[in-house]
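S.K.: For reference, the structure I am asking about is given below.
The values are calculated or read from the model by the stated rules, or taken from the named source; none is laboratory data. Please read these numbers as outputs of a predicted model, since none were measured by experiment. Because the Cβ atoms are built from the backbone with ideal geometry, glycine has one as well, and the counts that use them run over all protein chains shown.
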Amino acid sequence: MPIRPKKNNAPDELMERADEQDALVDEQVSAIIPPAETPYNVKVLDALASVIGEISKMMGIEVEVESYGEPTTTLDPDVARFLFMIDQAARDYGQPLPVALDEIRGDAELTTITAHLKKLLSDDGFKDFLMGEEEDMGDTEIDIEVKRGPKDEQDDMFMSRMA
């Protein structure tokens, strides 16, 4: 398993429920990301897992990144789950992944995604976005001008009652 969330001191019952939820999410994510047509290259998988680990740290999630031991046609469930989260964050930031997750077929698509994630990793705006900090858009001045038409009798009557 190339990415493992670091252990915490949560009660066993809570951890069991979290594991059940993770399994449900893993099923959904694996349905979105199809198995590769040929096994992924280990170096491509390791590069992806590494950059996901770095972005996870930016998100405040501590993970341990391990090397893939052999080529595989499916992404590790934790890698797929984090990739899914990062895909949504990149879309929300306005720089979606260049390859849709359901269009990943092999090393070329993963390499393209990894390169894009590395670019996002070096983007300070993306880091601020992940941390929930809004970009300073500066002060905006708005002038509002109200044009009134000719006075009518109802306006005069209303104004006399206000006085």
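For every residue, the table says whether it meets (1) part of a loop (DSSP other than H, G, I, E, B); (2) at pLDDT 70 or above; (3) surrounded by 11 or more Cβ atoms within 10 Å (Cβ to Cβ).
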{"residue": "Glu13", "(1), (2), (3)": "no, yes, no"}
{"residue": "Val25", "(1), (2), (3)": "no, no, yes"}
{"residue": "Ser30", "(1), (2), (3)": "no, no, yes"}
{"residue": "Pro34", "(1), (2), (3)": "yes, yes, yes"}
{"residue": "Leu48", "(1), (2), (3)": "no, yes, yes"}
{"residue": "Gly60", "(1), (2), (3)": "yes, yes, no"}
{"residue": "Tyr68", "(1), (2), (3)": "yes, yes, yes"}
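S.K.: Moving on to the next point. Within the bounds of region 117-136, is there any residue that is out of contact with any strand residue (DSSP E or B) (no Cβ under 6 Å at 6 or more places or on another chain), of a type in the set (A, V, I, L, M), under 22 Å from Ile33 (Cα atoms) and at pLDDT 60 or above? Break it down stepwise before answering.
M.R.: Of region 117-136, the ones out of contact with any strand residue (DSSP E or B) (no Cβ under 6 Å at 6 or more places or on another chain) are 117-136.
With of a type in the set (A, V, I, L, M) added as a condition, the list becomes 117, 120-121, 130-131.
In the following step, the residues that additionally are under 22 Å from Ile33 (Cα atoms) were identified as 117, 120.
After this cut, where a residue has to be at pLDDT 60 or above as well, the list is 117, 120.
Yes, region 117-136 contains at least one residue that is out of contact with any strand residue (DSSP E or B) (no Cβ under 6 Å at 6 or more places or on another chain), of a type in the set (A, V, I, L, M), under 22 Å from Ile33 (Cα atoms) and at pLDDT 60 or above.
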